[in-house]
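Okay, so here's the structure we're looking at.
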Amino acid sequence: MAALQGTAASYGNVGYMGLPLAIAFFGPEAAVPAALVFCFDCTAQFTLTAFLATLGHERNEEAHWGEIALRILKQVFGHPFIVATILGGIASALSFKAPGALGTILTMLMNSAGPVALFALGVTVGARQFGGIGREMPFVVGMKTLLQPLLAFVALSFFVPGLDPLWRDVALMMAALPTASNAFILASQYKAYIEGSSTAVLITTIISAVTIPLLIYVIQEG
């Protein structure tokens, strides 16, 4: 339960919302830092959630550490986000360019990714059920919408000297994003904190409609 609560309080919507918003607010040059945040955040979240949730599930049973590690590896490296990231990294390292019609199709898909992601986000949020507010919900919502961007600001301002302002601004915006729907999917997978994760997605998304434009205004005004 605690692992899934932590996921709901820290896993931002860096895919559906983060990438298109970063490009919309900061221009095409924001794609690289936004993509890096997306890759590392998803990898960390799927790894930590899988490890902690599996460990908590097996704590009262006799399970070999090797078996637990194998389950975690399957869940992490079998996820479409991680697979796509690995393939994209390999293609970039090899300077691969899809030929002919395949390249045209991939370019069309790339250009439509942002609008389709935002549409999918709207459908996802609209389909979420409001499961009520538990005692922990104000802490989950506050940590995601307020504490996480504040910690990102402190870390980037005082512990990462010489950081490009664009990268800093993108990271701050990504930290302020609402809870990703993947938190609900993970909760459903592990059958814990399902209603709470659904509610966190809905509430943080509503709050972010105010906090993110305010943050962007503050950034752009210096």
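The values are calculated or read from the model by the stated rules, or taken from the named source; none is laboratory data. What you see is a predicted model; the values in this text were computed from it and never measured. For the accessible areas, the whole protein counts, side chains as well, though only heavy atoms, and no ligand, DNA or RNA atoms are used. Shrake-Rupley method; radii C 1.70, N 1.55, O 1.52, S 1.80 Å.
Before moving on, here are some points about what is shown:
- Lysines whose Cα lies under 24 Å from that of LYS191, excluding same-chain neighbours fewer than 8 positions away: LYS74, LYS144
- What the chain shows is 57 Å² of accessible area per residue, with the surface traced by a 1.4 Å probe over protein heavy atoms.
- Percentage relative contact order, the chain, counting C-alpha pairs under 8 Å, at least six apart: 36 percent
- Computing Rg and the Kirkwood Rh from the Cα coordinates of the chain gives a ratio, Rg/Rh, of 0.98.
- Here the Kirkwood formula, the inverse mean of 1/r across different C-alpha pairs, assigns segment 15-55 a hydrodynamic radius of 11.1 Å.
- Here ASP164 sits with roughly 80 square angstrom of accessible surface, probe radius 1.4 Å.
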